[in-house]
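Peer 1: Structure incoming, see below.
We did not get these values from a lab; they are worked out from the coordinates using the rules stated. Only a predicted model underlies this, so the values are computations on that prediction, with no experimental measurement involved. Cβ atoms come from the backbone with ideal geometry, glycine included; neighbour counts cover every protein chain shown.
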Amino acid sequence: MEYLTYTEYRNLYGSLDPAAFCRHAFRAQKKIDAATFGRLKTEQSVSEAVKRCVMELVELAEKTRFTGEQKIAAVSNDGVSVTYANAPTEDETAAKEQAIIYEYLTGEKDSKGVPLLYMGV
């Protein structure tokens with residue numbers, strides 16, 4: 001089951017094309033499954049919070065993906081100086097992903113009443 005369909009993504013004002021969405025949504029779903037210990041895999045449907053979590057993770061993935069091109073932060077004409085913007089590191093991106101998951105899924109429960117982020121036994 002997809003946690004967020006492309007139609008739902010577009011209804012939440014997503015702007016990616018279907019191919020980019022599918023690539024990022026699959027990765028986002030895997031990250032959510034890891035954080036929730038797979039609790040959502042057997043659910044018939046997911047909450048609005050889960051859908052919005054996927055949306056945020058997809059948008060973050062698109063924003064931070066490496067394209068091979070560096071963004072220019074500043075240009076000096078006379079001395080011909082170009083300064084490039086720093087891309088976020090993998091650790092910074094992972095921290096943002098974890099923060100998004102925590103923000104959206106804290107307090108959310110599965111159909112059995114178990115909190116999605118519960119780490120106990």
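Peer 1: Given the DSSP H assignment, sum -39500 (n - 2.57) over each helix run of at least 4 residues in the chain and divide by its residue total; what's the result at 222 nm in deg cm²/dmol, nearest 500? Before the final figure, lay out the partial values.
Peer 2: Working: 4 runs with 57 residues, N = 121.
Helix-only estimate at 222 nm: -15500 deg cm²/dmol.
Peer 1: Here is a further query. By how many nm would the segment from residue 91 to residue 5 grow when fully extended, if each residue of separation counts as 0.36 nm and the alpha-carbon distance is taken off? It would help to have the intermediate numbers written out before the result.
Peer 2: Values: separation 86, 0.36 × 86 = 30.96 nm, distance 2.81 nm.
Full extension from residue 91 to residue 5 adds 28.2 nm.
Peer 1: Next question. Apply 1/(1 + (r/R0)^6) to the Cβ-Cβ distance of residue 83 and residue 103, taking R0 = 30 Å, and write down the FRET efficiency to the nearest 0.05.
Peer 2: That pair, residue 83 with residue 103, gives E of 0.35.
Peer 1: Okay, next question. Have a look at 36, 83, 64 and tell me which one the Gaussian network model of the chain (Cα, springs below 10 Å) gives the largest fluctuation.
Peer 2: Sorting by GNM fluctuation, first place goes to 83.
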